[in-house]
1. Given Lys71/Lys215; Lys48/Lys215; Lys71/Lys147; Lys118/Lys184, which pairs have Cα atoms separated by over 24 Å?
2. How many nm is it between the label spots at Lys147 and Lys102, if each spot is 7 Å from the Cα in line with the beta carbon?
3. Ordered by packing density, taken as the mean number of other Cβ atoms within 10 Å over each peptide's residues, highest first, how do 84-94, 157-167, 209-219, 131-141 rank?
4. Counting alpha carbon pairs within less than 8 Å and at least 6 residues apart, what relative contact order, in whole percent, applies to region 75-169?
5. Per residue Cα convex hull volume for region 76-208, in cubic angstrom?
6. Explain nothing, just compute: Karplus ³J(HN,Hα) = 6.51 cos²θ - 1.76 cosθ + 1.60, θ = phi - 60°, for every residue of region 130-136 in order, whole Hz, x for Gly and Pro.
7. If I stretch the segment between Arg209 and Ile189 completely, what's the gain in nm (0.36 nm per residue apart, minus their alpha carbon distance), one decimal?
8. For Arg158 and Gln116, calculate 0.36 nm times their separation in residues minus their Cα-Cα distance, and state this gained length in nm to one decimal.
Amino acid sequence: MQRASFTNTGTMSMTSLRISLLFLLTFLVLHSSAQKVFSEGTITYQVKMGPDDPEFKPGMYTITIKDDFVKKEMKLNGLDYIIILNCRTNKVTSLRNLNGRKYAIELKMEDITNDQVKFTGFRVAGETNDNKKIAGCTVHSGTIMYKDGSHAPVYFSRDWKPVQPITYERFPGADFLPLEFFYKDASGITMSFLAQKVQPEPIDNAEFRVPLDYKIISNAEYQQISR
């Protein structure tokens, strides 16, 4: 009798374990299908600079991603600013055109992460589902609350999250994809970003290489020649 009781208990334990594992696997599948990591593709924003003035023409801000590589390009008011981040080697390259001469300036990843420290630990307050779409993504809205007490409205997608935590300057480690957001600098000028395209797609490695017509220099050298 004791042996039979032991066998039944063991069978019940194994059955309970299988049910628990099945439940866990089902939860993981549902959770993973609910949100995807944006690890390769492009995200394009229309960017406007305020105050509302005809001189401030809309520009474009494009983020290109491929696993450990992130490339950001801002085209605004005649300027074309490009920065390439290699998150595997912690190498950062800024492409600049100075008086017709093209330079690839080598920077440190810590320069980028140090600038983000004041934005870490943010939270989203008052999140709601707006039942609308931006760039094909379902929109959630809320207020970004920073540790210093500052705040800003944000519209975002829960369908995706960036593969690299440093992708967005004001949202380090975000578990969402920003679709519409706003920056205000120390002088009070506001920049607004509105997603035009969220496109997962294969990206060629050449997209993250320094063009041959750019001269590679250190940041110290660039500061010297740009005076």
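Values quoted throughout were computed directly from the atomic coordinates according to the rules given, and no laboratory measurement underlies them. Because the structure is a prediction, the values reported are computed rather than measured. When we count neighbours, we look across all protein chains shown, and the Cβ atoms used for this are built from the backbone with ideal geometry, even at glycine.
1. Working: Lys71/Lys215 18 Å; Lys48/Lys215 31 Å; Lys71/Lys147 28 Å; Lys118/Lys184 14 Å.
Too far apart for the 24 Å limit: Lys48/Lys215; Lys71/Lys147.
2. Here the modelled spin labels are 4.1 nm apart.
3. 157-167, 84-94, 131-141, 209-219
4. 17 percent
5. Values: hull volume 19.3 nm³, N = 133.
Looking at region 76-208, the number lands at 145 Å³ per residue.
6. Those phi angles translate into 7, 6, 9, 10, 10, 6, x Hz.
7. Working: separation 20, 0.36 × 20 = 7.20 nm, distance 3.28 nm.
Full extension from Arg209 to Ile189 adds 3.9 nm.
8. Taking 0.36 nm per residue and subtracting the Cα distance, the gain is 12.9 nm.
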